[in-house]
Every structure is written in C-alpha cells, then in structure tokens.
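Reviewing the structure listed below.
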Amino acid sequence: MLEVKNLNVFYGNVQVLWDVCLRVEEGEIVALVGANGAGKTTLLNAITGLVKPASGSVTFMGQDITGLPPNAVVELGISYFPEGGRLFPDMSILENLEMGAFIKSSWKKRKERLEKVYQIFPLLKERRKQMAKTLSGGERQMLAMGRVLMSDPKLGLFDELSYGMAPKLVKESFKMLQKLRDNGLTILLNEQNVKQSLEIADRAYVLENGRIVSGGSCEELLHSDHVRKAYLGL
Amino acid sequence: MISFINILVNGLLMGGIYAITAVGLSMQYGVARILNIAHGEFIMVAAFLTWMLHTTLGINPILCLAIVGPILFVLGYLVRHYLFKTLKEKTPSPAAFEGNSMLMAFGLLFVIQSLATYIWGKNIVGYDFMRYSVYLGEIRFAANRLVIMITAVIICFLFYLFLTKTRTGKAIRASSQDPDAAALMGVDINRMLTLCFALGALMAGFAGVLLSMEYKLDTFMGMGHTIIAIIVMVLGGLGSIPGSLVGGFILGIFYGIVSGIEPGLTEAAYYLLFMLLLLFKPSGLFGR
Ligand SMILES: Nc1ncnc2c1ncn2[C@@H]1O[C@H](COP(=O)(O)OP(=O)(O)O)[C@@H](O)[C@H]1O
Ligand SMILES: [Mg+2]
C-alpha cells in the first residue's frame with residue numbers, strides 16, 4: 001500500500017535520512033522504532049509532504065506522491081497524527097474534529113464521521129464545546145486520534161502516540177490502534193516505546209542515525225540480540 | 001447621562017472602524033505573517049476611490065462598500081500573489097520572511113502614497129454625506145456617524161460569523177493557530193495566505209469607505225491608521241482575530257472617554273496605552 005524507496009532527506013546541509021526503504025501492506029500495523037533523534041519524525045514528515053526529500057520516492061496505492069504538499073496527500077487517504085497531537089488550541093473539540101474532515105469529500109459526510117468518532121470516544125461528545133487548550137494530556141491525545149479518523153483515512157501515521165501518557169493509557173491507546181486496524185485502517189507507527197509497539201505490530205523497522213538497520217516480523221526482532229540489547233535493555 | 005451616551009456613541013463610532021482596520025491587519029499578520037505597514041495606504045486608496053465615485057458619478061457612499069471593497073480585495077490578492085508570495089519563495093526561513101516582508105510593505109507604503117499623491121494631489125478633499133442630526137428620544141446624533149457605526153458593527157458581526165461558522169473561516173482560524181497542522185488537515189496553505197491577505201485588504205477597503213463619510217481625506221492619512229491598527233492588535237493579542245475585534249471597540253471607548261475629557265490628548269493617551277501594554281500585558285487580552 002505504501003512504499004518508500006531510497007529516501008534521502010536533508011535539513012540544510014545535514015543529511016538526516018539515508019537511503020531509507022520501507023513498505024506497509026494493506027491491513028498491517030508496522031512499527032518504526034529507534035532512539036530519539038534517529039529520524040523517525042522526519043520520515044513521516046517526508047511521507048506527508050511537510051518536508052521535501054532530496055531524492056528517492058514515496059508511492060501510495062500505486063501513485064507516486066513524492067514531494068506532494070500535505071493537503072494533496074490527505075486527499076489521497078493518508079491521515080497523520082503528528083508528534084504531540086498538534087491540536088488547534090483556540091478551537092473547541094468539535095471544531096478540531098471538523099477540521100479533521102476539512103477535505104471536500106469528507107466535509108459533506110462530517111456529521112456521520114462525527115457520530116463514528118463520538119462512538120469510539122464518548123468523552124469527546126460530552127465535552128465537544130470545550131477548548132482544546134484546556135484539555136488534559138490524555139484527552140488531547142484522544143482528540144488528536146479522533147481528528148485523524150475524521151477524514152476516513154486508509155492509512156494512519158502515528159508519531160509518538162504514547163508520548164507523555166500514563167502507562168495505563170498507553171496500553172489502552174495501543175489497544176485502540178488494534179481495534180482501528182480490525183476496522184480496516186492500515187497503520188504506520190513511530191514509537192520510542194519499543195517493547196509495547198513490537199507487541200501490537202505485525203512487522204517493524206529499526207531506524208538508527210537515519211538508516212534502516214533491520215526490519216522484519218516483530219517476533220524476529222523481539223528475539224534479535226541487537227534489538228534486545230539496544231532497545232529492550234535485556 | 002447624555003454625555004455618557006455621547007462617549008459611548010463616539011467610542012462605538014471609532015471602535016467599529018478601529019476593529020475593522022485591526023482585523024484586516026490581523027488577517028495579514030496572524031495568518032500570512034506579513035506585518036503590513038502599508039495597511040493604512042489601502043485605507044487611503046479606498047477612501048479616495050469612494051470620494052471619486054461619489055463626487056463624479058454621484059454614487060451613494062454606502063453602495064461604495066460593495067464596489068470599493070471588492071476592488072481592494074483584488075488589489076490585496078495581486079499584492080500578495082506577485083509581491084509577498086515571490087518574496088516568500090526566495091526567503092525560506094520564516095523569521096527572515098517576517099523581517100523582509102515588513103521592509104517590502106514599507107516600500108509598498110511609499111509607492112502607493114506617491115502614486116496617490118501624483119493622481120489626487122496634495123489637497124485635502126472630502127464630501128458631505130448625511131450631515132444632519134437625528135434624534136433618538138432626547139439625544140441628538142449626527143446621521144452619518146450613526147450610519148458609520150451601525151455599518152461597522154454589522155461588518156464585524158458578519159465577519160465574525162464567517163470565521164466561526166463557515167468551512168473556510170474555520171480553516172483560516174486553524175491556519176493562524178498552527179499552519180502545518182492545518183496543512184495536514186488538507187488546507188492549501190498557500191491559497192489560504194493569499195485569501196487572508198486579500199480579506200485584510202477588503203477590511204481596509206471597508207474602513208476607507210466608512211472614514212470618507214465623515215472625515216476629510218489627504219494622501220498622507222494612511223500612517224495614522226496603520227499605527228492605530230498595530231496598537232489594537234497588541235491590545236487584543238498579536239495575530240488574534242477575535243482579540244482585534246474586541247480590542248478595536250475597547251480602544252474606541254477609550255478614545256470616547258479621553259476625547260470627552262481633553263480632545264487634544266487622545267494621541268498621547270494612545271501611545272501611553274501602547275507602551276503600558278508592552279510593559280505589563282505584552283501578550284494582549286487574547287494572547288496565548
Ligand atoms: N527542523 C529541523 N531542522 C534541523 N534539524 C532537524 C529538524 N528536525 C529534526 N532535525 C534533526 O534531524 C534528526 C532527526 O530528528 P527526528 O526526525 O525528529 O528524530 P526522531 O523523531 O526519531 O526523534 C535529529 O538529529 C534532529 O536534530
Ligand atoms: Mg520524533
């Protein structure tokens with residue numbers, strides 16, 4: 001469904017991604033793990049058009065989307081949960097969700113989408129008039145997740161979904177991801193929380209200093225010596 | 001009692017125009033990141049166009065809102081599309097763009113001012129519009145001032161509805177709060193920036209038309225309006241659109257009070273307020 005080939009990305013003169021290749025098949029949960037600063041966010045930003053790659057290609061459902069601006073990428077069915085959620089602080093929960101359905105095809109169906117999202121997160125319905133900036137960390141995460149679903153995407157990119165969450169909430173939100181996948185969403189997940197993400201993902205890639213150093217089924221990775229030493233502290 | 005009502009009416013009269021002016025500037029600064037020092041020149045051009053349309057073709061100034069407003073909208077569109085968009089493409093860093101765009105606006109100020117002086121001359125001009133009194137109960141109002149006040153409030157209200165109720169309006173607010181996140185929602189940021197700049201010019205257009213109904217015009221009138229718009233913007237919170245709406249009316253009431261006590265001191269009071277704000281509440285009323 002998503003194929004990234006030989007992607008190279010620079011910030012100014014500094015290269016942060018080197019020949020990155022990665023595939024995500026329909027219906028999968030794929031985890032991208034790696035230390036802070038490895039380049040995970042940059043990779044998702046390059047896929048969604050927030051940064052322009054210097055070379056390489058990104059293909060989504062057979063269509064070359066390399067270098068397309070973010071607004072064109074959403075239209076094709078890729079929805080992005082950016083690091084920290086990036087809510088609109090001075091807009092209400094309802095308005096944040098509506099913005100999630102901004103693209104023309106979703107805007108017409110936003111009432112139905114809202115009902116779907118409210119079903120998944122009933123709290124959002126209760127608080128729909130509340131400003132996003134007054135929400136707690138967990139509630140923000142929930143709202144950002146709901147906003148991702150408003151455009152009825154085929155592929156969801158999640159950057160540090162669990163960041164700053166209490167352990168109990170982390171478990172719940174990972175369960176939520178599995179539920180979303182069972183309902184037809186394909187997922188690419190960036191996580192520093194290596195163990196838990198390997199537990200829910202089908203496959204994973206390990207990114208170190210801007211290069212993919214290993215990839216495979218989570219089963220394999222959980223047993224690889226390198227991953228166990230570097231990321232699981234075993 | 002009557003003098004209190006006078007202060008209120010004077011305040012709302014100026015406040016409405018201030019609010020429109022400042023909202024225009026906020027649209028350009030808060031979203032497009034252009035501190036448009038030439039904002040007042042757009043107001044001046046609109047005021048002169050209204051004067052021309054009224055004195056040569058006899059068009060009713062209220063009708064001019066529907067003619068001059070769109071002209072200024074197109075002018076704003078062209079300025080952003082050909083000047084600032086090109087500048088932005090050549091200045092990738094946002095901080096550098098903010099500085100350079102202000103310099104560009106400074107250049108624009110003098111180009112527009114000189115052209116206007118070349119076309120309309122250095123004389124003070126004006127026209128009489130509804131210069132009679134109407135009575136509401138015991139209280140006497142200048143009819144044109146009443147019209148200006150009501151029109152300004154209606155424009156602010158409609159603009160508020162546009163921002164809060166429509167898809168485009170919501171996208172504008174989202175873009176001003178987090179442009180990258182808005183782009184991820186599917187908002188075409190480049191188009192949005194041009195639209196916002198053009199809407200800012202539209203607001204300048206409305207302000208110019210309204211001003212010409214009461215005040216005399218000269219081609220150097222722009223700067224004062226730019227400065228007041230900046231003060232209101234700081235008062236409301238830099239770039240906050242609702243802040244500018246409310247801030248405009250607050251500064252208007254402030255004007256009403258000060259000019260009720262000592263008209264000669266209004267300017268001094270404005271700048272004093274401005275400096276106090278910077279010292280004690282730099283984030284403004286609605287600042288983040
Ligand atoms: N906007 C930026 N400008 C310059 N360097 C950046 C920028 N964003 C990230 N970097 C650098 O790129 C590298 C990868 O960062 P990032 O993609 O955020 O990693 P991760 O998400 O894996 O923590 C880091 O060294 C970081 O300092
Ligand atoms: Mg990151």
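Based on alpha-carbon positions alone, could you give the equivalent ellipsoid semi-axes of region A:98-151 from the gyration tensor, as √(5λ), descending, whole Å?
Values: eigenvalues 74, 25, 17 Å².
That gives 19, 11, 9 Å for the three semi-axes.
Kindly express, to the nearest 10 degrees and within the range 0 to 90, the angle between helix B:61-79's C-alpha long axis and the longest C-alpha principal axis of chain B.
Long axis of B:61-79 versus the principal axis of chain B: about 20 degrees.
Among A:Lys52, B:Lys170, what is the fewest-to-most ranking by other Cβ atoms within 10 Å?
Values: A:Lys52 13, B:Lys170 23.
Ordered from fewest to most neighbouring Cβ atoms within 10 Å, A:Lys52, B:Lys170 come out as A:Lys52, B:Lys170.
When chain A is treated as a GNM, springs tying every alpha-carbon pair under 10 Å, which of A:Ser136, A:Ser57, A:Ser173 comes out with the largest mean-square fluctuation?
Result: A:Ser136 has the largest fluctuation of those listed.
Over what distance in Å are the Cα centres of region A:99-161 and region B:185-251 separated?
Each part reduced to its Cα centre gives a spacing of 33 Å.
Fewest first, what order do A:Asp19, A:Asp202 take by the number of other Cβ atoms within 10 Å? Intermediate results must be reported in sequence, preceding the final value.
Details: A:Asp19 13, A:Asp202 16.
Result, fewest neighbours first: A:Asp19, A:Asp202.
How large is the dipole of region B:141-288 about the Cα centre if only Lys and Arg carry +1 and Asp and Glu carry -1, each at its Cβ, rounded to the nearest 20 debye? Kindly include the intermediate steps, with their values, before the conclusion.
On the way: 9 positive and 7 negative charges, 89 e Å.
Charge dipole, region B:141-288, about its Cα centre: 420 debye, nearest 20.
To the nearest whole number, what is the average tally of beta carbon atoms from other chains within 10 Å of the beta carbons of peptide B:184-195?
Taking all residues of B:184-195 together, the mean is 6.
Other chains near B:169-182: what is the mean number of their Cβ atoms within 10 Å of each residue's Cβ?
5
Would you list the membrane-span-like helices of chain A, meaning whole DSSP H runs whose alpha-carbon atoms span at least 18 Å along their axis and whose mean Kyte-Doolittle value is at least -1.0?
Membrane-span-like by this criterion, though nothing is claimed about a membrane: A:137-149, A:167-182.
With a 10 Å radius around each residue's Cβ, average the other Cβ atoms per peptide and rank B:218-224, B:178-184, highest first.
Top to bottom by mean Cβ count within 10 Å: B:178-184, B:218-224.
Which one of B:Val153, B:Ala229, B:His81 has its Cα pushed farthest toward the positive end of the charge dipole of the protein assembly as shown, where Lys and Arg give +1 and Asp and Glu give -1 at the Cβ?
B:Val153
As an exercise, find the ratio Rg/Rh for region A:1-115 from alpha-carbon atoms, using the Kirkwood inverse-distance average for Rh. All intermediate terms of the calculation are to be shown ahead of the outcome.
On the way: Rg = 15.6 Å, Rh = 15.7 Å.
Radius of gyration relative to Kirkwood radius: 1.00.
What does the charge dipole of region B:56-193 about its Cα centre add up to, to the nearest 20 debye, if the Cβ of each Lys and Arg holds +1 and the Cβ of each Asp and Glu holds -1?
Using Cβ point charges on Lys, Arg, Asp and Glu, region B:56-193 gives about 140 debye.
Name the residue, out of B:Leu276, B:Leu235, B:Leu78, whose mean-square fluctuation peaks in a Gaussian network model built on chain B with Cα pairs under 10 Å.
Among B:Leu276, B:Leu235, B:Leu78, the largest mean-square fluctuation in the Gaussian network model of chain B belongs to B:Leu276.
Can you give the direction-averaged projected area of the convex hull of the alpha-carbon atoms in the protein assembly as shown, in nm²?
If you wrap the Cα atoms of the protein assembly as shown in a convex hull and average its projections, you get 28.1 nm².
Could you please rank B:Ser101, B:Ser93, placing first whichever residue has the fewest other Cβ atoms within 10 Å of its Cβ?
Numbers: B:Ser101 24, B:Ser93 9.
Neighbour counts put them in this order, fewest first: B:Ser93, B:Ser101.
What do you get for the angle between helix B:189-212 and the principal long axis of chain B? Use alpha-carbon atoms, 0 to 90 degrees, nearest ten.
Orientation of helix B:189-212: about 10 degrees from the principal axis.
Alpha carbons only, please: Rg and Dmax for region A:60-119, in angstrom.
Calculated on Cα positions, Rg and Dmax stand at 13.1, 38 Å.
First obtain the Kirkwood hydrodynamic radius of region B:2-280 from its Cα pairs, then insert it into the Stokes-Einstein equation at 4 °C and 1.567 mPa s, and state the resulting D in µm² per second as a whole number.
Numbers: Rh = 19.1 Å.
In µm²/s, the coefficient is 68.
Per DSSP H run of n ≥ 4, the term is -39500 (n - 2.57); total these for chain B, divide by its residue number, and report the mean residue ellipticity at 222 nm rounded to 500 deg cm²/dmol. If you can, show how the numbers build up before the last one.
Values: 12 runs with 211 residues, N = 288.
Using -39500 (n - 2.57) per qualifying helix, the result is -24500 deg cm²/dmol.
If you place +1 on the Cβ of every Lys and Arg, -1 on the Cβ of every Asp and Glu, and leave all else neutral, what size is the dipole of chain B about its Cα centre, to the nearest 20 Debye?
Charge dipole, chain B, about its Cα centre: 500 debye, nearest 20.
Which of the peptides A:40-51, B:45-56 is most tightly packed, and how do the rest follow, judged by the mean count of other Cβ atoms within 10 Å per residue?
The peptides rank, most packed first, as A:40-51, B:45-56.
Give me the inter-chain shielding for B:35-47: mean count of other chain Cβ atoms within 10 Å, whole number please.
Across the residues of B:35-47, the mean count of other-chain Cβ atoms within 10 Å is 0.
Could you work out the equivalent-ellipsoid semi-axes for chain A, taking the square root of 5 times each eigenvalue of the Cα gyration tensor, largest first, in whole Å?
One finds semi-axes of 28, 21, 16 Å for chain A.
From the mean inverse distance of alpha carbon pairs (Kirkwood) and the Cα radius of gyration, derive Rg over Rh for region B:80-169.
So for region B:80-169, dividing Rg by the Kirkwood Rh gives 1.17.
For region B:232-288, what does the equivalent ellipsoid look like in terms of its semi-axes, each the square root of 5 times an eigenvalue of the Cα gyration tensor, given largest first in whole Å?
21, 13, 6
Per DSSP H run of n ≥ 4, the term is -39500 (n - 2.57); total these for chain A, divide by its residue number, and report the mean residue ellipticity at 222 nm rounded to 500 deg cm²/dmol.
-10500 deg cm²/dmol
No value in this document is a laboratory result; all are computed from the given coordinates. For clarity, every value in this text was computed on a predicted model and none was experimentally measured. Quick reminder, even Gly has a Cβ in these numbers, built from the backbone with ideal geometry, and neighbours come from all protein chains shown.
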